[in-house]
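The values are calculated or read from the model by the stated rules, or taken from the named source; none is laboratory data. Note that the structure is a prediction, hence the values are computed from the model and not measured. So basically every Cβ, Gly included, is an ideal-geometry build from the backbone, and we count neighbours across all protein chains shown. Surface accessibility is based on the protein's heavy atoms, side chains included, excluding ligands, DNA and RNA. Shrake-Rupley method; radii C 1.70, N 1.55, O 1.52, S 1.80 Å.
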Amino acid sequence: MTAEAQQPKKVPRIGYLSSVDPATDSPRSEGIRLALRELGYIEGQNIAIEYRYAEERPDREPGLAAELVRLKVDIIVVAAGDVTIQAAKNATKTIPIVMTGFGSDPVRAGHVQSLARPAATSPASQCLTEN
């Protein structure tokens with residue numbers, strides 16, 4: 001009888017990019033954690049979230065987005081803002097990007113071609129909006 005080692009499960013990693021600071025962003029990030037929990041994903045157990053906050057310094061956003069790409073996250077969640085969305089789009093063409101929150105219309109801003117087919121302008125873009 002031979003024992004086969006079970007391969008460890010890969011824990012999905014979410015990159016979370018926000019233009020503000022953790023305290024200001026707390027209601028939004030907590031809402032995302034709660035929604036994930038409802039789907040069975042618990043941070044620190046079966047999902048990891050890498051948080052990056054630009055703290056209202058748009059010049060930091062490209063570097064933070066690039067850092068998330070280097071960490072090989074599976075998806076990037078962008079917490080609103082055209083500058084933040086563009087920083088994520090400039091950092092990757094392969095990692096899916098989910099846009100959340102209020103802000104400009106993602107179609108009108110040119111982030112996606114349409115809400116029905118968001119990947120049409122960027123193969124990695126997806127769009128979720130809060131209303």
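Observations on the structure shown:
- Residues of the range 58-78 that are within 23 Å of SER26 (Cα to Cα) and either in a loop (DSSP other than H, G, I, E, B) or at pLDDT below 90 (or both): LEU71, VAL73, ASP74.
- Condition broken by ASN90, with the remaining ones in (1) in contact with a helix residue (DSSP H, G or I) (Cβ under 9 Å, 6 or more places away or on another chain); (2) not in a helix (DSSP H, G or I) satisfied: (2)
- Of all residue pairs spaced 6 or more apart or on separate chains, those with beta-carbon atoms under 7 Å, a first member in the range 87-109 that is closer than 15 Å to ALA65 by Cβ and among the charged types (D, E, K, R) and a second member that is modelled with pLDDT under 85 and open to solvent by 20 Å² or more (accessible area, probe 1.4 Å) are LYS93/PRO123.
Okay, residues lined up against (1) touching a residue at least 24 places away in the same chain (Cβ under 8 Å); (2) of a type outside the set (A, V, I, L, M, F, W, C); (3) in contact with a Lys or Arg (Cβ under 9 Å, 6 or more places away or on another chain); (4) loosely packed, with under 15 Cβ neighbours inside 10 Å:
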| site | (1), (2), (3), (4) |
| --- | --- |
| LEU34 | no, no, no, yes |
| GLY40 | no, yes, no, yes |
| TYR53 | yes, yes, yes, no |
| GLU56 | yes, yes, no, yes |
| ALA65 | yes, no, yes, no |
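- Some residue of the range 71-79 being open to solvent by less than 60 Å² (accessible area, probe 1.4 Å), of a type in the set (D, E, K, R) and in contact with a strand residue (DSSP E or B) (Cβ under 9 Å, 6 or more places away or on another chain): no
- Of the listed requirements (1) open to solvent by less than 30 Å² (accessible area, probe 1.4 Å); (2) small (Gly, Ala, Ser); (3) not in a helix (DSSP H, G or I), SER29 misses just one: (3).
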